Every structure is written in structure tokens, then in C-alpha cells.
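Reviewing the structure listed below.
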Amino acid sequence: MLQAIDLTKRYEDQQLALDALNLEIKEGEIFFLLGANGAGKTTTINLFLNFIEPTGGRALINGIDVTKEPLESKKYVSYVSENVMLYGNFTARQNLDFFAKLGGKTNLTRDDYYMRMREVGLQEEAFEKKLKTFSKGMRQKVGLTIAIIKDAPNILLDEPTAGLDPKAAAELLQILVNLKRQGKSILMCTHDIFRAKNIADRVGIMKEGRLVMVRTREEFMEDDLEKIYMNYMQEMVIEKV
Amino acid sequence: MIKLFIKKELLENIFSFKFLIMFLLMFFSLNTAIFIMTKDYKARLQNYDILKPSKNEAFAITYPTPFSIFAHGLDDNICNLYQITFGGQIETGSQKQAINKIYNFFNTPDLLYIINIILSFCAILFASDLITREKEQGTLKLIFSNGIKRPAFSLGKWIGGYITLIIPIVLSVLFGLIFFIILAKIPFQFSDFIRLLIFLFFVLVYLAGFFSLGLFISIVSRSSAFSMFFSLIVWVSLVFIIPRSGNLVAKQFINIPSVQTIEIKRSQIFIKAIFEYINSHYEKSKIPQGIINQQNDKIREDYLNKLNAVESIARKITSISPASDLTFLCTDLCNTGFREEQRFKTFVIMFKEQVKNFDSDSDGNLVGDFTPFSYARSPLSDFFNLAMMLHFSILIMYILIPVILGYYAFLKFDVR
Amino acid sequence: MLRHLIIKEIQEIITNTRSLFVLLICILLIPLGLYVSSKEYEQNRAAYKDAKQMYEERNKDNKGMEFVAEGYIPPSPLSIFSSGLSVYLPNKITTDSRGVWHEENDYGINNPVALLFGKIDFYFIITIILSLLAFMVTFNSISGEKENGTLRLIVANAVPRWKIIFAKIAGSYTVFLISFLVGVISGLVLLALTTSVPILSVSYLIPFLVIMMISLLFLFILFNIGILLSIKTRNSGASITASLLVWVLIAIIIPKVSPMIAQIIYPIKTEEVVNKQKAMKRDEIRAESDRTSGELMKSIMSERGMNAEKLDFFNMGDDPNVKAALVEYDGMIVDVKRKYDEMEINAIGIIEKDYHNQQLVQQNISKNISRISPIGCYTYLISDLTNTGLIELSNIEYNARQFSSFTESEFYSKLRKYYKEYHIGFNVSKGIFGKVDWNSIHVPTLNTYNYPTMISSLGANWIDLLFICFYSIFFFAVSVFQFIKYDVR
Ligand SMILES: Nc1ncnc2c1ncn2[C@@H]1O[C@H](COP(=O)(O)OP(=O)(O)OP(=O)(O)O)[C@@H](O)[C@H]1O
Ligand SMILES: [Mg+2]
């Protein structure tokens, strides 16, 4: 379970990147965070991972305050970052092996890794190839596998579908749905409204650091999600004028 | 088109962190060197004023040249005190006028040293990621997607990069010259500035060599971390390893006796002569100095020949490295090099010939009314000779070869 | 957890081309450096033996009070690790019947090329090449991972930061260490196989182990500085620039500039100027001595009603008056002369001592300045451990004194005894051999040259040792601390 209570972040340059965010993502729920570039999505994830200190409020993972017990809280979360380069001189399997061990999974065999990589749709021949020869999407898949292997109850994804081909993106979302069925709480930041419509349980739209709208599946299925999004974005344009 | 590239290169580099650091490093080290060496020069000048031989002293010593600020070279050897004593022997003063023993651990940081080591370092490193960085940033692809001719780009890169490299050097040297040399009233004549200009020209050629090498490495390597690393290896070999191993390799060819054994041989001759003199019951009125001198000279000559042979082999080997070529060129130019040392020594020997037949006092010092030793450093015209051209052409080779190789490598190189 | 991090670190470095180069350089250069230095040592040793032998042969029968004993100082066996000041150190002690001894250096400079460019010894390889490599290995250890995004992934796990940095330092240092040790071991094997240096004997191995320990600590300092710089810079381009700047500062600028700064802060004259001053003082005192003795003569003569200036000393005839005056003069002049001799010795001693003290002050100033750089500390420690450093200067003095008293007791005093007993004149070669057992007197040679023990060398350099330890702990702690605060975004 992921919780944000009045979570606020003001950067050193006084930029208010996140303004009193209140959010709760339950077990077995996929929450999609939409918003323009610079809206504060990555900031939210960074706060959950304690990469940055909040200037106000709290972020909780399974009820654990991430600023008070950062190490304990990180046991319950896995993370897929925006642009994963990983270790170029390691093979895909070596990369997985290392991060799996970091995540506390020390007794996995080679076959386990292969299985997981097959699940995300990596080609068999890529398993033992050095990562620096991978395409961007292939790297992204390895990054996803790392998150899956950790098998944490919460998953944070920052634009994971960027750079993936449509089939791969669809597969990724299918994997997310499977994970959700296993009872994981998933927070995914994305610009991909279509995918959000397909699988999200709830969708939030951020604007200038504020969560301006949250809709459940039922609500946004009635209205067209795309329309809602555009409306909010246009408001911004109007406001600015 | 080339102009555009040069402009872009200048703008991109001048505002980078790397340039700032490089500028600071160069400015700081060049000016510290000039400042310290100016002080050192003045101290040595004072020293010379005290030691300057008066009329009846058989001392050979010469003034330190202000150019030793730029290239100290063997000036300590040249400005040493040579005393002609009984039997025409030449006694050398303390070998290096090391006031402070710590000097001997770490040798003199003159301007040439800074240029040889630190600036070449800056040059090769600066160049070594000029291309790889563009590859990593992806800007190379963007540029070539516009149908740009590769030679134009590479030429622009070379010129732009080189200009950014030399701006801080020229500025720092000018600053140092104005503040430490002119304000300190170092006796420079107008003609000396010509020497300085030539010096600066050599330095720029030398740095162009390292810059081209770095650029070449940058073209053929894939990541900037690697190209920087590889440049460093090249730099260490050229600047440290080759010059330092020249002497060593040369010694493998020629077996040179140590000075100690020479010294012993010499005293053997002396003792033998004295014994002969005693045994002959003082018949001859004087100690057979002629024979002693003759034999001493022979030993000395023998030794010097071998030393010269080793030296010339070592010189040839070390010439492979541009750092040594620059050292040879600049020390000769500044009258602190081998040539000057040899010339000075022949003057000392001439002086010895003049005074050796004077009487000596009980301490073995020669006494008499001889004209004091005087010596003027060689004129600039002596500098231009075949050996100098050879060293200079090696410096040029270090620009040409990487540029040509790099040019072809860049034409074939795939942008991925 | 720590184990996995370390293993990954090692794997990552090994798969990098850079480590191959490091290994290659270590394997090529360290044996080369050791080999060259030991060849040079062998040469010096041979020259030393030659000189000693020639000296003994030449002086076999040269037994007289005017004989000047020469003690040849062997080159330090440990100089194969660091040549230090060996070119400038005296290699010969002379001492005469008055007990006056001198240290001399007649190595000369074999070749100016060596003077211009320096040598490749173990010390040079560590302080210049390996220090640079240490920076090259570490410069993107943190900033590189940040650029790759892997640092975020690692930190997103429940791993304490200190473990991450700990593993980083331990892993990369281990790999470096292995290359270094491989180089050193192949160097030792090469020495054992191709040179006569008994490198595997206890007398070599123990100091060598100590030198290695200090070298490893020294490299550890540079490692941590490299990692610290990698932490403090945001991308690997900036890291490499910063590392190189720091390297130039600590390897080149600080050590080289320190004596010059000391000379500016506390200027002193050169030895030749001081020699000149001594000569001037001597002349002054001698002139005064001559004047005084002249006056003495004058006053003695005038007491006896003679004018000293008009006397022709070479043609005095048998004037009893003059003779008596001269006898009186001879009786009195001894004291006068002795007084002036003492004065001369004192005055010169004061000049020398003053100068020596000034030198020491300046030396200490520059030593302290250069200690800002770990290379300064390392230099003083290693050169003293290999008996080629500053301690050796006073050690030679100590040995010279020993040799002088040895010569006195074994040679001159015996001679003196015979001279007294048999009233032998001064010229032995003229030979009044009589009952003297010449064979019982041997020409003195310096057979045992004492080096300070390793412990005392270490003890004398405790500041440097302390600094090296301090630097390693300090930079390690600062790196760990800075990484804990590191912003992984
Ligand atoms: N280190 C920083 N210092 C100052 N301001 C920052 C910093 N990082 C982000 N910001 C600002 O915070 C705001 C939110 O940034 P954030 O990265 O969270 O956006 P985002 O929603 O992830 O955008 P994108 O869709 O482009 O990834 C932006 O206005 C940005 O300018
Ligand atoms: Mg973002």
C-alpha cells in the first residue's frame, strides 16, 4: 500500500514541484498518474523512494514512513526508472542477478532469470548478451524484469512504456495486470492515456505539482478520459493567458 | 561551413567546466613557475655576484641567464664554480647548487617543465573527448544528418579546439611575462623577445602535436572514458617513460666507467709521478707536471668520449618523444642546454690552458696575475643548425601523422 | 549483501578494458623499474668494490702519519626501490691523523640526459604512474553509475548507503591491488632470476614488505580521493577533469614548489657563498695572526734595542742577541698561533653551524609544505626506509665519526706509539723500519657501514607515517560520509 499525506516538495530554487499531495493506493490497485512534462510525477516517485527529502507531509509504504525508516520501507517497493542504462559490460542475466541479490533474492537460479525474461518478452538469444548491445526497449524490459524479480508488494514505474514497441507495451501492461492480481499496489507515471484507459483502476491528473483530478475506472469510462485530460490541460493554457 | 564549426566549438568549450578547470590549472601553474623561477634566477644572480672571480683567482664561473626562468636545463651545471688548481686539474663546485636538500627529491618546476608535463597533459585530455563526447550526446548524428562534409567538420573541430586550448596558455604566459619579468626588471633586451617568441612558437607546435594525438584517439574510440584513459597511457609513455629510459638503453650499448674509477686512475698517475720524482732524488728541479697533465688529459678525454657516445645515443632514443625534443630545442634556445654546456666547458678548458702553468700556493690554489675568466652565452644565430631542425621536424611529425591518420579514420568511421 | 556488492564491483571493473591496461602497465613497468634499478645498483656496487680494492692495494705500504685514510661507502642495497638522494649523497669518507674527516661525493653525473629527465624506479612508478592510474580507475566509479541510472536502482533497494560505498571502495581497490601485486611479484621473480641482488633474502624482504604496506596505504589514499571527487562531481566528464587537476596538484605542483616556497619564506645562501664567507673569515683571522706575530717580533726586538724592520732574516749571521730574541719569539709565538688557530676553528665552526641550522629550518619548512600532498609524506618515508633519504645524511656523518675514531685507534695511535718508541722520523717511505712490526698495522678500511634500523627510520618519520594513516582514514571517512548524503537524482 502506498500513501502520500500532504506530501510537498519545494526545490532549492523555490520551485514548488509537489503541492500537498494526498493519495492512497491499495493492494491490488493500479494507479496511473498523468500530467504534462514538469507536472511533478517523477518528483512524486523520487519522494516515495526517499531520493529526495519532502519539505512537508509524509510518504508511506506499507505504513512505513520513508523518511523515518528508508531502508525498511525499500524492502517493500520495486522501481522501474525512466531510462535504464544498467551495466553495459554485464549480460542481461548478470544484471538481473546483481539486482536480485540486492533485493534480497539470493537463491535464484539461472533458469529463474530466464523464465522471468521470457515472461517480459525478451528474446532468448539476448539473455547472455552484454547490455551495451541492447536496444532501448530491450534495456527497458530488463529493467522491468529487475522489478518483477524483487517481488515487492508495491511497484513504482516512471514512464516504463517509453521506447517500447506497441506489442511489448501491451505485454508490459498485461504483466502489470497479473501483478495487480497478485495483490500488488502499482503507481505508474505515464503519458499513455490509451493504456491508462485499458487497465487503470484509478487515474490521477497532475498539474503544476497538484493532483487536480482523480477518477475511478467507472467514472472515467463514462466520460472520455482523453477529453478530461485535454480539458485540464487547456485550462492551464487559459489560466496562463 | 568551417567557420560555423569553429564558432560552435569555441562557444561550446569556453563555457564548459573542463575549460574553466584547465584555464585555472594553466594559469596557476604557469604563473607560479614564472614567479618562482624569477625569484630563483635573482637568487642565483646574487650568488654569482658574490662568487664572481676577482683578478687573481683561477675561478671559472659564469652568470646565470635570465632564460633559465623559461628552461632551466643544465644551467646549474653551467653556472657551477670551476676552480683550476695545481696540475691543471679542474675542481667542480658542489654539483647542484642545492641549498635545500628537498630540491633534489623533486626537480625544478621551470616553465618548460610545466609545459612539457602539465600542458601536454591538458592538451591531450582536452582533445581526447572532443569527438567521443559528441558521439555520446548524439549530436554527431544530428550534425551528419544535415549532409555535412566530414572534412569540414573535422577541420572545424581541430581549429576550434586548438584555439580554445591555446587561449589560456597565451594569456597566462603574457600575464606572467608582464607581472613577473617586466615588473621585476629582469634584464631582457629587445632581441631576447625574439627568442621568447620562438620559444612560444615551439610550445604551440608541441601542444598541437598532443592535441592532434588526443583527437585521433577520440576518433577511433567509442566512449570518452576509454579515450581519456587511452590518451593518458599515451601521454605517460611519451612524457615520462621514453625520456627516462633513453639513458638506460644507451648504457646497455656502451660501458662507461664511473667517475670514481677515473678519479682513482688520475691519483694513481699523480702518485706514480711523485714517486718517480722522489726516487730520482730531486734531480729534476720540478715535479714532472707535463706528464701528469698529459696523462690526466688522456683519461679525461677518454672518459668524455665515452660519455659523449652515451649521451648521443640517449639523445637519439629520447628524441622519439616530443617532450624530449621540446626539451632539447628549448634548452638550446635558452642557452641552458647540452650545446651551451659543452661550449662553456671548452671555455673552461681554454682558461685552464692559460693558467695552469702559474705557481700554486700551499693549498694548491694557483696564484698569479691572470686575466679573469669571462664568458658570453652563444648568440641566437648559433641556434639554427641541423640538430635543431631534426628535433623540430619530429615535433611536426607528431602533428602530421595523427592528423592524417585521423582524417582517414574519420572518413570511414561510422556514426552509430 | 556487502558481498554481492563487492563481487559485482569486481566483475564490473574486470570486464572493463581499463583494468586490462592497468594490469598491463603494472606488469610492464614495475619489473622494468626494479630491474633497471638493480642493474644500476650492481654497477654502483662494482664501482664501490673496485674503488675499495684499488685503495687497499695502492696504500698497502703507505703507512705514515701523513696518510689520509679513505672509507668507501657502499651503495644502499635498498636503493633498488627508491634512488632518493643517492646521486647526491657522499660516497667516500676521508680522515687524517688530526682526526679531521670529510665526506665526499665523486659519483659525478654520468650523463646529463639522466639529469634532464630522471629515472624510472619503483618510487617513480608509484608516485607518478600508479597514482595517476588510481585516479583513472576511480574517476567515474560513482558519477558513471549515476549517469547509467544504476545508482538509482541500487539505492531503491533496502541497502544501507555505507555498504554501497564500502563495496565500491573495497571492490575497485582489490582489483587495483591485484594488478599491482602481480606486477610486483613478477618484478621480484625477474630480479631473482636475472640479477645478483638477493631479493628473496630476509634483509630485502622485510623492508620490502614494509615499503609495500606503506605503498598500499598511499595508493589507498589516492583511491579515496578519486572516489571522493567522483562523488562530488555530477558527471564523469567533470570527474575526470577534477581528478586530473587534483593529481597535478598533489603529484607535481605541491612537491616541486615546496622547496622554492621555503626559499622565498626563509631565504638562505648557497653553499658556495658560505664557503667564500669561510675563506674570507679565515683570511681575516690569518692576517690578524700575522700582524700580531709581526708585532710580537717587533716588540721583542725593540726590547733588545734592535729594529725588526731592518733585520735581514735570511742573513742574520751569528748575532747571539738575535738568536736569543728568536728563541724568545719561538717560545711565545706558539701560544699566539694556537690562540688564532682556535679562533679560526671557532669562527668557521660558527659559520658552518649557523648555515647548517638555517638549512635545517628551511628544509623543515619545505618538508612541512610538501606534506600537504600525500606524495611528500610518502617520499620522505620511502627514501629513509631505503637509506637514500635525509636521515642518511646524518647517518653518514655518524659513520664518518666512527670511521675516524676507528682509524685513530687502529692506525694513527699505533703509529704514534712506534714513533715515540723508536723516534722514527716522519717519512716512512724512507724507511727506518727497525723493530717496528709493520704487519701489525693495517691500512684502515671502512668494512662495516651501519644503516639505521628500520624501526628507527620509521620512528624518525613518525609524522609522515601518521599523516599517511591520517590521510587514508580521513579521505575514506569523508568519501563514505559524502556518499551517505549523496543526491542520487
Ligand atoms: N533538481 C531540481 N531542482 C529544481 N527543480 C526541479 C528539479 N527537478 C525537477 N524540478 C522541477 O520540478 C517540477 C517537476 O518535475 P518532475 O521531474 O517531477 O516532472 P515530471 O512530471 O516527471 O515531468 P516529465 O513528464 O517531463 O517527466 C518541474 O517544474 C521541474 O522543473
Ligand atoms: Mg518525469
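The values are calculated or read from the model by the stated rules, or taken from the named source; none is laboratory data. What you are looking at is a predicted structure, and each value in this text was computed from that prediction instead of being measured. Cβ placement follows ideal geometry from the backbone for every residue including glycine, while neighbour counts extend to all protein chains displayed. Areas reflect the complete protein model, heavy atoms only, side chains present, ligands, DNA and RNA absent. Shrake-Rupley method; radii C 1.70, N 1.55, O 1.52, S 1.80 Å.
For region B:218-244, residues that are among the hydrophobic types (A, V, I, L, M, F, W, C), open to solvent by less than 10 Å² (accessible area, probe 1.4 Å) and over 15 Å from the mean Cα position of the chain (by Cα) total 4.
With respect to the stated conditions, A:Thr8 fails to be within 14 Å of chain C (Cβ to nearest Cβ), touching an Asp or Glu at 6+ places or on another chain (Cβ under 7 Å), away from ligand 2 (no atom under 16 Å from the Cβ) and open to solvent by 10 Å² or more (accessible area, probe 1.4 Å).
Looking at A:Leu211, A:Leu156, A:Leu164, which is the one that is within 16 Å of ligand 2 (Cβ to nearest atom) and either more than 14 Å from chain C (Cβ to nearest Cβ) or not hydrophobic (A, V, I, L, M, F, W, C) (or both)? So that I can check it myself, show each step before the final result.
Working: A:Leu156 fails: either more than 14 Å from chain C (Cβ to nearest Cβ) or not hydrophobic (A, V, I, L, M, F, W, C) (or both); A:Leu164 fails: within 16 Å of ligand 2 (Cβ to nearest atom).
The conditions single out A:Leu211.
Would you check if there is a residue in region C:283-299 being over 30 Å from B:Lys18 (Cα atoms) and within 12 Å of chain B (Cβ to nearest Cβ)? Scanning region C:283-299 turns up at least one residue that is over 30 Å from B:Lys18 (Cα atoms) and within 12 Å of chain B (Cβ to nearest Cβ).
Counting only helices (runs of 4 or more DSSP H) that fall entirely inside region B:321-416 and contain at least 2 residues that are more than 27 Å from the chain's Cα centre (by Cα), on the phi < 0 side of the Ramachandran plot and of a type in the set (Gly, Ala, Ser), the qualifying elements are B:386-412. For region C:137-171: of the residues being of a type in the set (Gly, Ala, Ser) and closer than 22 Å to A:Thr42 by Cβ, which is farthest from the other protein chains (Cβ to nearest Cβ)? So, considering only residues that are of a type in the set (Gly, Ala, Ser) and closer than 22 Å to A:Thr42 by Cβ, the one farthest from the other protein chains (Cβ to nearest Cβ) is C:Ser143.
Of the residues C:Ile240, C:Ile264, which is facing chain B (nearest Cβ under 10 Å) and open to solvent by 40 Å² or more (accessible area, probe 1.4 Å)?
Details: C:Ile240 fails: open to solvent by 40 Å² or more (accessible area, probe 1.4 Å).
Exactly one of C:Ile240, C:Ile264 is facing chain B (nearest Cβ under 10 Å) and open to solvent by 40 Å² or more (accessible area, probe 1.4 Å), namely C:Ile264.
Scanning region C:49-77 for residues that are open to solvent by less than 20 Å² (accessible area, probe 1.4 Å) and in a helix (DSSP H, G or I) turns up C:Ala51, C:Tyr55.
Candidates in region A:137-163 are the residues that are away from ligand 1 (no atom under 16 Å from the Cβ) and part of a loop (DSSP other than H, G, I, E, B); of these, the one that is most open to solvent (accessible area, probe 1.4 Å) is A:Asp151. The condition (being away from ligand 2 (no atom under 16 Å from the Cβ), touching an Asp or Glu at 6+ places or on another chain (Cβ under 9 Å) and in contact (Cβ under 8 Å) with a residue 24 or more places away in the chain) is satisfied by just one residue among A:Lys150, A:Lys130, A:Lys180: A:Lys180.
A single member of A:Gly163, A:Gly88 is more than 25 Å from A:Phe31 (Cα to Cα), of a type in the set (Gly, Ala, Ser) and more than 13 Å from the chain's Cα centre (by Cα), and it is A:Gly88. Only a single criterion out of (1) touching a Lys or Arg at 6+ places or on another chain (Cβ under 7 Å); (2) in a helix (DSSP H, G or I) is not satisfied by C:Ala477, namely (1). Against the test of being at pLDDT 90 or above and crowded, with 16+ Cβ neighbours inside 10 Å, the options A:Phe90, A:Phe134, A:Phe31 yield a single qualifying residue, A:Phe31.
Looking only at region A:53-82, how many residues end up being of a type in the set (Phe, Trp, Tyr), open to solvent by less than 50 Å² (accessible area, probe 1.4 Å) and either away from ligand 2 (no atom under 16 Å from the Cβ) or away from chain C (no Cβ under 14 Å) (or both)? Full working, then the answer.
Applying the first criterion (of a type in the set (Phe, Trp, Tyr)) to region A:53-82 yields A:76, A:79.
Adding the requirement that they be open to solvent by less than 50 Å² (accessible area, probe 1.4 Å) leaves A:79.
With the extra rule that they be either away from ligand 2 (no atom under 16 Å from the Cβ) or away from chain C (no Cβ under 14 Å) (or both), the set shrinks to none.
Of the residues in that region, 0 qualify.
Could you tell me whether A:Leu122 is under 20 Å from C:Gly149 (Cα atoms) and crowded, with 20+ Cβ neighbours inside 10 Å? If you could, list the steps in order and put the result at the bottom.
On the way: under 20 Å from C:Gly149 (Cα atoms): no; crowded, with 20+ Cβ neighbours inside 10 Å: yes.
Judged against the criteria, A:Leu122 is not a match.
The condition of being surrounded by fewer than 23 Cβ atoms within 10 Å (Cβ to Cβ), within 11 Å of chain B (Cβ to nearest Cβ) and modelled with pLDDT under 80 does not hold for C:Gly99.
With respect to (1) open to solvent by 40 Å² or more (accessible area, probe 1.4 Å); (2) under 26 Å from A:Gly183 (Cβ atoms), the lone exception for A:Asn50 is condition (1).
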